[in-house]
Amino acid sequence: PAASAAPAVPEGGAPPQGPTLFDWEFATDPYPAYAWLREHSPVHRTKLPSGVEAWLVTRYADARQALADQRLSKNPAHHAEPAHAKGKTGIPGERKAELMTHLLNIDPPDHTRLRRLVSKAFTPRRVAEFTPRVQELTDHLIEQFASRGEADLIHEFAFPLPIYAICEMLGVPREDQDDFRDWAGMMIRHGGGPRGGVARSVKQMRTYLGELIHRKRDDLGNDLISDLIRASDHGDHLTEAEATAMAFILLFAGFETTVNLIGNGVHSLFMNPDQRTRLQDSLAAGESALLESGIEELLRYDGPVELATWRFATEPLTLGGQEVAAGDPVLVVLAAADRDPERFADPDTLDLSRTDNQHLGYGHGIHYCLGAPLARLEGQTALATLLTRLPDLELAVPPNELRWRGGLIMRGLRTLPVKFTAR
Ligand code: HEM
């Protein structure tokens, strides 16, 4: 008999063990493993690299339901075993309290109050006003390497663009933005690695943001932090600690995600040259429709957030037919849900003009991505400008030499070496 890739189901016995998760091969291409889980063990208990046991939810219908289920709390205090793991779980919020009272770690009613406040500051209008500046930043970054004929698109483009964009939106003065770039670089490079440097960078960022908020109280400007202060001065209250945590989560949630939207997006286009040509032709014709639907499809096909952030069962519940105990961590695998053939036609095919595309790349429910309009603006500007200014952009190494970061929540490339005709 031919050898089968999937583990055999023992007759009448225990459920099959399933594919190996979280190793190097999985980091490179997790989609075959997710397909197996969706089919054989859709709500799957696994031991994470940190040693914590958690449920992985991989079907679209279950994922969407879990994201909106109020019995699944975002507050790490609901984790059954935080003390046992002595803060080494990798679950944000189990180690440091000060910065962690942010949107992704809290439930209603606190979440409702803070989200309402920040929504008053982070408006679609503010994002729209920011359009020319994002274009300028994009052009400037491309200018830095265009004459060289080669570049690492992650470090020279995808990485600096969102960090400068968010700094400017928040109102971090230009002369301080390179410090942010360094701190963020430390966090992204060593996220799962040496703790010392990361802890120091987080501390520096926290101190800086605290001081900036303090200064702005006396000198309000046309920026997001000033708007947050204004919003909090009208009835509702945002404590200084909450304001700092908010600025921090805006930076943090809006940074590595956008790096990976650009990196994974360009990579997917390289791997699907027919789709890339379609997009380039439509851009040359001055059309924007394919760019708009295309960004959504790139998010569905290989989005930046592989697993939604942590959730914890506050009571025993049934998810996709599986009993989940109170205190158990639940991880919703957005990348698996967005390739579910029960929801998407030809889910493993990249189709930039896909219209029936209610993907979960930005999450769902009350924690739905606050920054989605900014992410769309950055993603569309970055891809359109790259493909228009460097039309013969191509990968400079064989695809199998590309290395993916092995993080738990995010999916993204370490580097993306490209070449093109210098100009
Ligand atoms: C939440 C994805 C860019 C700010 C989320 C969530 C996802 C997501 C999946 C929900 C997580 C969960 O429920 O566990 C993305 C992707 C982005 C992106 C794919 C880029 C392509 C941004 C940007 C910002 C931002 C640019 C802001 C500057 C936030 C915030 C939350 C959030 C503040 C928490 C919202 C809440 O809990 O109410 N994002 N994001 N994101 N995102 Fe984004």
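The values are calculated or read from the model by the stated rules, or taken from the named source; none is laboratory data. Source: prediction; values computed, not measured. Cβ: placed from backbone, ideal geometry, glycine included. Neighbour counts: every protein chain shown.
Worth a mention:
- Residues (under 13 Å from Ile409 (Cα atoms) and not in a loop (DSSP other than H, G, I, E, B)) located in the range 304-335: Val305, Arg311, Val330, Leu331, Val332, Leu334, Ala335
- Residue check: Thr318 meets all listed conditions (1) over 22 Å from the mean Cα position of the chain (by Cα); (2) hydroxyl-bearing (Ser, Thr, Tyr); (3) under 25 Å from Arg405 (Cα atoms) but one, namely (3).
- Subset of the range 372-404 [in contact with a helix residue (DSSP H, G or I) (Cβ under 9 Å, 6 or more places away or on another chain), in a loop (DSSP other than H, G, I, E, B) and surrounded by fewer than 17 Cβ atoms within 10 Å (Cβ to Cβ)]: Pro391, Arg403
- Members of the range 305-336 that are within 11 Å of the ligand (Cβ to nearest atom) and either among the aliphatic types (A, V, I, L, M) or free of Cβ contacts under 8 Å to residues at least 40 places away in the same chain (or both): Val305, Leu307, Ala308, Val330, Leu331, Val332, Leu334, Ala335
- When Thr112, Thr138 are checked against the criterion of being exposed (fewer than 15 other Cβ atoms within 10 Å of the Cβ), within 16 Å of the ligand (Cβ to nearest atom) and either in contact (Cβ under 8 Å) with a residue 60 or more places away in the chain or not in a helix (DSSP H, G or I) (or both), Thr112 stands alone in meeting it.
- Conditions (1) hydroxyl-bearing (Ser, Thr, Tyr); (2) without any contact (Cβ under 8 Å) to a residue 40 or more places away in the chain; (3) more than 19 Å from Gln380 (Cα to Cα); (4) touching a Leu at 6+ places or on another chain (Cβ under 7 Å): number failed by Ser282: (3)
- Of the residues making up the range 260-288, those that are part of a helix (DSSP H, G or I) and either of a type in the set (S, T, N, Q) or buried (at least 18 other Cβ atoms within 10 Å of the Cβ) (or both) number 17.
- Count of the range 1-59 residues, restricted to those that are part of a loop (DSSP other than H, G, I, E, B) and modelled with pLDDT of 95 or more, is 6.
- Taken across the range 359-371, residues that are in a helix (DSSP H, G or I), without any contact (Cβ under 8 Å) to a residue 24 or more places away in the chain, surrounded by fewer than 20 Cβ atoms within 10 Å (Cβ to Cβ) and within 16 Å of the ligand (Cβ to nearest atom) do not occur at all.
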